[in-house]
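Trainee: Please find one structure pasted underneath; my questions will follow.
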Amino acid sequence: MADALRQIVAERRQMQGEQMTLEDERRAKFAAESMLAVMDGVQLQWLMDEEDAPELVEPIEFALTAMLAAMLNPPGDLLGEASS
């Protein structure tokens, strides 16, 4: 998953006439780990509570869209550090 995210960022940077940075690499790795965690968490909730099982698609789609947007257009540091 991280490789696919790196490719998305690299293509976006290329369209902007820029190069991929180490920060982009870090964000792609962090986003991939976060996306897997969200997918695992929603699936675990679904397995644990079949009667009131949460929807699988909508929460995952929402989280993945938000993470991808944050990765491509970072408002600041993903880990809460001041942006430079």
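Trainee: Could you grab me the full set of residues in region 9-28 that are surrounded by fewer than 16 Cβ atoms within 10 Å (Cβ to Cβ) and under 21 Å from Ala63 (Cβ atoms)?
Mentor: Arg12, Arg26
Trainee: Need pairs with beta-carbon distance below 8 Å; first residue in contact (Cβ under 8 Å) with a residue 12 or more places away in the chain and within region 22-36, second among the basic types (Lys, Arg) and assigned to a helix (DSSP H, G or I); sequence gap 6+ or separate chains.
Mentor: That search, which allows pairs on different chains as well, returns Asp24/Arg6; Asp24/Arg13; Glu25/Arg6; Ala28/Arg6.
Trainee: Condition first: surrounded by 15 or more Cβ atoms within 10 Å (Cβ to Cβ), hydrophobic (A, V, I, L, M, F, W, C) and without any contact (Cβ under 8 Å) to a residue 60 or more places away in the chain. Can you find one or more residues in region 48-59 that meet it?
Mentor: No, there is no match, as no residue in region 48-59 is surrounded by 15 or more Cβ atoms within 10 Å (Cβ to Cβ), hydrophobic (A, V, I, L, M, F, W, C) and without any contact (Cβ under 8 Å) to a residue 60 or more places away in the chain.
Just so you know, all these numbers are worked out from the coordinates, no wet-lab data involved. Worth saying up front: this structure is predicted, and the values here are computed from it rather than measured. Counting neighbours? That spans all protein chains shown, and the Cβs are built from the backbone with ideal geometry, glycine included.
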